[in-house]
1. Using 1/(1 + (r/R0)^6) with R0 = 25 angstrom and r between the beta carbons of residue 228 and residue 160, what's the FRET efficiency to the nearest 0.05?
2. So which lysines can residue 131 reach, going by Cα to Cα under 29 Å and dropping same-chain residues fewer than 8 places off?
3. For q values of 0.09, 0.18 Å⁻¹, compute log₁₀ I(q)/I(0) with the Debye formula on a Cα-only model of the range 18-240, without solvent.
4. Under a point spin-label approximation (7 Å from Cα along Cα-to-Cβ), what is the residue 105-residue 190 distance to one decimal in nm?
5. Multiply the residue separation of residue 142 and residue 241 by 0.36 nm, subtract the distance between their alpha-carbon atoms, and state the gained length in nm to one decimal.
Amino acid sequence: MKVSASQDKMLGQFPADGFAIVPGLYEPAEVKALLHCIESAPGSGPNFRRSQELFAIRNVVGEVPELWPLLDTTVLRTLLRQLFPDGCHLVKSIYFDKPALSNWLVAWHQDLMINVDRRADVQGFGPWTSKSEGISVLPPVDVLQNVCTIRIHLDDCDASNGALKVVAGSHQHGVLLPAALPALTPAAVVCAVPAGGAMLMRPLLLHASNRSISNRPRRVVHLEFASVELPGELEWRERRLVQERF
């Protein structure tokens, strides 16, 4: 990927907007290889969820070990170097497929919880949740401000098949109360992303998605990266160091 002037401008706006679109992060042959790898996975266990409306794999990099070498390209590392000049680690990975004509939507929200390896009494962390896949917690805002999500799109995605809607700059307001949303959401924009492209976003960015009304799927690999370490006994549950290549 050679960063164009328009992409460079969008990345320059990323701190203020809280999101950016990067087309062409993966070539068509790379997208095909990613899909083949995921579709060849055994597909069983607590981290796999299959229904008529959704196919999802939590901790997909751990569940499908062959996937990370395909994702871990020089182009991705170049992008991560721009976002985290001092290095970073992968802290969460999910694959999800919103099938054609899926009739569910996602309401306006922020991604406030992080996945950790245990529950511990650490100041500023809480409330906690415990599910079959593990423990999650609401961390202090400064931890969330350090996280960057990279949503790698394996299909062309627009408003007809569930592209995200976002409110630019909303990540700068911290954790938002429900009463604040009506004043913000009228300014939302739809983030269309071509296959092989990526959407970058901050967890505190207000976002939602509509029902799919087309016969096209929306398959996405959702990766979260951070450079901060957690305090006390806490550790990122899916922590994977991104080693620099020379």
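Any read-out appearing in this document is the output of simple, stated calculations on the displayed coordinates, not a laboratory observation. Please read all numbers here as calculations on a predicted model, not as lab measurements. Note that each Cβ is placed from the backbone with ideal geometry, even for glycine, and that neighbours are counted across all protein chains shown.
1. On the way: r = 37 Å, r/R0 = 1.50.
My answer for the efficiency is 0.10.
2. Answer for residue 131, where 29 Å is the Cα cut-off: 92, 98, 165, listed by chain and number.
3. Listed by q, the Debye log ratios stand at -0.36, -1.59.
4. According to this spin-label approximation, the distance is 1.3 nm.
5. Working: separation 99, 0.36 × 99 = 35.64 nm, distance 2.04 nm.
Length difference between fully extended and current span is 33.6 nm.
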